[in-house]
1. Kindly work out what percent of the DSSP beta bridges joining two residues of the chain are antiparallel, to the nearest 5.
2. Rule-of-thumb check for the chain: C-alpha Rg over 2.2 N^0.38 Å?
3. For T40 and N161, FRET efficiency with R0 = 41 Å and r from the beta-carbon atoms, rounded to 0.05?
4. Give me the net charge of C137's neighbourhood, meaning all other residues with Cβ under 9 Å from the Cβ of C137; Lys, Arg count +1, Asp, Glu -1.
5. For a 28 Å ceiling on Cα separation, which of these pairs sit above it: K87/K122; K80/K202; K122/K231; K80/K153?
6. Which three extents, in whole angstrom, do the alpha-carbon atoms of the stretch 159-234 cover along their principal axes, largest first?
7. 7 Å from Cα along Cα→Cβ at both E182 and L73: what's the point-to-point distance in nm?
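All of the numbers you see were taken from the coordinates with simple rules; none came from a lab. For clarity, every value in this text was computed on a predicted model and none was experimentally measured. FYI the Cβ positions are ideal-geometry reconstructions off the backbone, even for glycines, and counts take in every protein chain you see.
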Amino acid sequence: MKAAVAWLVVVAVAVGALAHGGVLVAWQGGRDRVRVLEVTVSSVTNSSVVTEEVGELFARGKWLVVSEAYTGLCPWLKAKEFVKPGKATAVVAVVARSNRTAAVLLGLRQGNCSLVRSILLKRSAVGRRHGTIEGACKLAAKLGASLLVERGKLRALVLMNPEGKWRRAGSGDVRWKDVGGELNVGDTLWVCFHNIVVLRPKFAEVFGFNAVIWGFSGAIIDLDTGLALAKYPL
């Protein structure tokens, strides 16, 4: 029992170290202990992912899940439902404290589903911009209520709140969950937004997108269908 408690303390310290910088300094470099590994998931528990190659990877906490069925932030107890036994790409941080070592799962890609900790997004950022940003892009995929858009080399995940309130031109007030389905993959969209973070190439190589747009507070016009939406507050 004492050993189990001691191990939980080690893991808690490890996660705390990551949240305050810790060993997660970059995707490469002499001090870097973050590794991208090809693994085989053997089981999933309420606190971890168990792999054949590395063993148990601590996974409690909040996750960004990106999948066709659902995209959004959720606790591990929900996120774990998207992880299945089988092959996966894992981003793992190995944190040493005293004479113990904790392996912490920072991200997982399995098929078309990705799970990413917020600390990995933060440490993978190479640029941020706040302010009015607008332009045309192509709708590459619909991921739950959210969108994946492309423009040149930019492949951005646009996080959407399904309950978000919008003003639809010619119709009045709508919820995103009631109107987002009218956008078609392949359509050209004109978008206006205010928050974007650009991510490292290594992150994009693993997870398939290199930017995140969040707190969407602008407008969307589908240039193929004419659908025009403005986000509240106007």
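1. Counting only bridges with both partners in the chain, antiparallel ones make up about 95 percent.
2. That works out to 1.11 for the chain.
3. It comes to 0.70.
4. +1
5. K80/K153
6. Here the Cα extents, ordered largest to smallest, are 43, 26, 18 Å.
7. A separation of 3.0 nm, rounded to one decimal place.
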